[in-house]
Each structure stands twice: as structure tokens, then as C-alpha cells.
Amino acid sequence: MIHSSLFTSNSNRIKVYLKRVAVVGAALISLFAVLGIFDELYVKEDNWTRILWHNYYKTENIDNVFLGSSHVHCDIDPFILDEMNGMDNFNMSIPFMRLNGAYYVLKEMTGDHDLKNVYLELYYYPSTGEQGDVMSDTSLQWNWYITDHMRFSVNKMQFVASICGKDKYLDTFFPFIRYREHVFDTPYIAEQLALKTSDDYRNFRLRYENDKGEPTLEYRDKGYHYNLGVMPEETLAYPQQIDLQADGVIPGNTEAYLRKIIVYCQEKNIGITLFVNPIYETQMLSTIEYDSYHRQVQAIANEYGVPFYDFNLCKSEYLDIMHRENFADAGHLNSVGAELFTPFLWQVLSGDATANREYFCESYEQKIMLDAPETYGLYYTYEGDMREYTIASNRETEIEYKVTILPEEGEERIVQDFSVNKEFELRNDEHGMLTIVSKLKEQPETQHTLEIKY
């Protein structure tokens, strides 16, 4: 009888325990279901990153990862790389990805795949100045593109804990909380439901077509952004970029993550290469002291003995890509440009580092002086009611410019006759067509005309 009572007692305890586990399990399932419904109702997702993460998690094998910002998924065609190197290549790139995000994305990928090589693209803007501070609110918002879609894991929890203080934990763990101002916004909720019940959303499709049904922009596998758009004429007038030297170039906490990525790869015997994709000259010429950024990255690469290739310093005789038809905008190649750039990129990445030096200049300043004199467009700043324009050319004194404007309202007028002066100003509220005729000094036969909407 004693043995029977003990058995009955233990059996009852197990049943009670199992019932409690079942209740807790049911409560958790219900909680996650409710949270999922809230996300569907309120979260305004970036469709690109949602599809990218979905595509990543169903990819069976990745040998080489190209990691970085949108400059990766626009500029590099992984299908061309597959054919060239016989490996599985993947563009794991998030818009404006900070280097702390790149570090934790890399850790996620090494847990899922036996990576052979990591190619880290270092577009300067997310890594410099105020916006380069990985602990800023701006960086946190871009890192949500990662945390919102990364699967639950210890790595994800470490990432979340590292990117924000306690006051932002709820916003980070539960995306719908960021949209709390829409809690009773019926039109907003209806808009989200319409989007998230659409066939394209449910089937993870992102595609735009021309009138012939041909794709002009679409997400393709391997993280590739297929885009046949051509940089509009308006982009030839570009806002002034930051002064990299005055802004301290790469902040300390960002540099620390660059070092962590390099060390992490070296400890795991994964090849690591740093590189920068080409940017159209209107943006490059409007960026003050770009070479200070290049020098800082080069010094870190040298310290760890890893290759670094900056394709903004590539000699035009080897990569003749600075033509508007190769760019979707001033910062990104289109698929025509990617088809031109990708084979050369792999030629360099797979080549001998010493031999590759032939392709590159020591500085951006040296590179533009090697190119033939050319005018690319304008960059500008705002000063009160005026826009102060600077002509973006690769010479200071060899080129003369004649500037004419045709306002939307008013008659055509000459802003300046031929002169080496590169600066002029227009009112912010004035718009129309601006024409720049440039020529080499005392060589009228070299005239070149640019028409730019302003």
C-alpha cells in the first residue's frame, strides 16, 4: 500500500506539473499570437529588408557574403559572381547598415553557414560623423531593420542589449509599440491590412514592370536589387556632403566594431576584405576631405594585414564607370552598372594584392587629377533664402564655365559668362532649367554642355 500511495502521489504531481506547463505554454502561444496581430495591424515594414531576411533564411548554402549598406545589394550581381568563382555568393546588405549591425549579422550568418570569405563594404556615410555613432537614435532606427527580422536567438538578444538603453527596449523588442500613435487610427490600420493581405506581400515579391511587362526593378534571390532606373538629370544637382575631417571621420565606437569584425573573421579563419563601391562624382566631389576617411580605413586594414580596395580611387582606364547611364542615383549603380562593375570587382578581390595596386590611386585627390578635365554637375548648400551652388568638376582653374538659367516663370538670363569661378547662388523658391557650358581655357572647341533641373 505504501508503494502504491507513493506512485499515486508522484503521478498526481506529474499531472499537475504538466497541466501548469500546458497552461504556461498556451499563454505564451496566445501572447505571441496577439503580438503578431499587433505587428500586422501597426508595423509599417520596409518590404526590401523583410524579403531579404526571408530569402536569407531559406538559402541553403552561402560561401561568400558581401556585407554592408544598400551599395552592396544595388552594385553587385551575385549571379555573375556565382559563374565567375563557382561558389555561392550572397548580398547581405541593409540600407545604411551600421558596423555594429554588420557585426551581429555576421555572427548570425556564421551560425547558419560555413562562410569562406566576408567582403565588407564601407560606404562612408553610415560610419562617419554624427550619423556614424552606433549608439545614436538614428543608428538605432536603422538597426531595427535587422532586429525586426532576425530570428530569436542569444545572438539577437546580445545585439538588442547592445544597441539601446532600457528606455528603448520595448520599442526594440516589440516593433508595434513604435507605432502607438496609430492605435486608434482606422485609415492607417486599413492601409496596413490592405498591404499585408496583398499577393505580392504574402508571396514575398517586390517587382515593378514597364508597359511591356519587363522588370524595371525587383528583388531577386541572393539579396540582389535588380534596377534599370537611370540617374535623373535632377541628381546632377546634389546637396553638399559632410566635411569628413571636421566631423572626426570614424567615431570610436564605430571603429571598435570594424576591428571586432576583422578579429572575429580572423579567429574563425574566414577571409576578410574591406572595400568601397564607386559613387558618382557629384557626390564624391561634394564630400569634403574624403581622403581622410580613406586613410583611416587603410591604416586599420594595414594594422591587421587585410586587403582594402576603394573603387572611388580606381583609375578610369581600368574602370570607366562614371557615366549617368550606369547609375540609378548619385550613390548607387543600376543593373547596367552592376554588370560592368561586378566582374572587375571579382578580378580585384580574387587577385594578388600587390599586383592590384596598379589599378588604384593613392588618394581621391590624385585620382581626379589623373582623369581628363570634366564637369559632372553641381552641389549646393542652403543659406537663408538662397541656394549656394558649386560646379562639380575635377579641376580648379583649367576649366571655364558659362552658366545660364531658364526659370519656370521668367526669361532666360546669364548668371555668369565664361569664367573659372565655380560658385553662384539662386533663390530657393526659383526653379527651372540650368545650363552649364564648360570648356578648357582658350580652347572653345572643347565645349561641353550640361542641362540640369534646379
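The values are calculated or read from the model by the stated rules, or taken from the named source; none is laboratory data. Remember, predicted model here, so these are calculated numbers, not experimental data. Cβ placement follows ideal geometry from the backbone for every residue including glycine, while neighbour counts extend to all protein chains displayed. Each accessible area value is taken on the protein alone, full model and side chains, heavy atoms only, with ligands, DNA and RNA left out. Shrake-Rupley method; radii C 1.70, N 1.55, O 1.52, S 1.80 Å.
Considering only Cα-Cα distances, which of the following residue pairs are longer than 29 Å: K15/K58; K107/K315; K44/K268; K58/K116; K260/K367? Result: K15/K58; K107/K315; K44/K268; K260/K367 exceed 29 Å.
Probing with 1.4 Å while keeping every protein chain in the model, the per residue accessible area of the chain equals 49 Å². Between I189 and I29, the C-beta separation translates, for a Förster distance of 22 Å, into a calculated FRET efficiency of about 0.40.
Taking 0.36 nm per residue of separation and subtracting the current Cα-Cα distance, fully stretching the chain between K19 and R207 would add 62.8 nm.
Please give the peptides 290-303, 341-354 ranked by average Cβ packing (other Cβ atoms within 10 Å per residue), highest first, as a rough proxy for protection. Intermediate results must be reported in sequence, preceding the final value.
Working: 290-303: 17.8, 341-354: 16.2.
Descending packing order for the listed peptides: 290-303, 341-354.
Let a ≥ b ≥ c be the square roots of the eigenvalues of the Cα gyration tensor of the chain; is it rounded (a/c under 1.5), or, if not, prolate (a/b larger than b/c) or oblate? It is prolate, given that a/c is not under 1.5 and a/b is the larger ratio.
Of the GluC sites (Glu not before Pro) found in the stretch 339-371, those that fall in a DSSP loop while having at most 16 other beta-carbon atoms within 10 Å are E362. Think of it as helices only: each DSSP H run of n ≥ 4 in the chain is worth -39500 (n - 2.57), and spread over all residues that comes to -12500 deg cm²/dmol at 222 nm. Here the stretch 263-405 exposes an accessible surface that is 44 percent carbon and sulfur, computed with a 1.4 Å probe and the other protein chains kept in place.
Would you list, by chain and number, the lysines whose Cα falls below 17 Å from the Cα of K422, excluding same-chain residues fewer than 8 positions away? Here the lysines satisfying the reach criterion relative to K422 are K402, K439, K441. Highest mean packing first, where packing is the average number of other Cβ atoms within 10 Å per residue, the peptides 182-195, 422-435, 83-96, 105-118 line up as 83-96, 105-118, 422-435, 182-195.
Sort the following peptides by mean Cβ neighbour count (other Cβ atoms within 10 Å, averaged over residues), highest first: 41-50, 224-233.
Sorting 41-50, 224-233 by mean packing, highest first, produces 224-233, 41-50.
Here the label points at Y169 and I288, each 7 Å from Cα along the C-beta direction, are separated by 4.2 nm in the simple model. The simple Förster model, with R0 at 35 Å and r as the Cβ-Cβ distance, assigns E365 and E425 a FRET efficiency of 0.85.
Kindly give Rg over Rh for the stretch 118-164, based on alpha-carbon atoms, with the Kirkwood expression for the hydrodynamic radius. Spell out each step's value before the answer.
Numbers: Rg = 11.8 Å, Rh = 11.8 Å.
Across the stretch 118-164, the Cα-based Rg/Rh ratio is 1.00.
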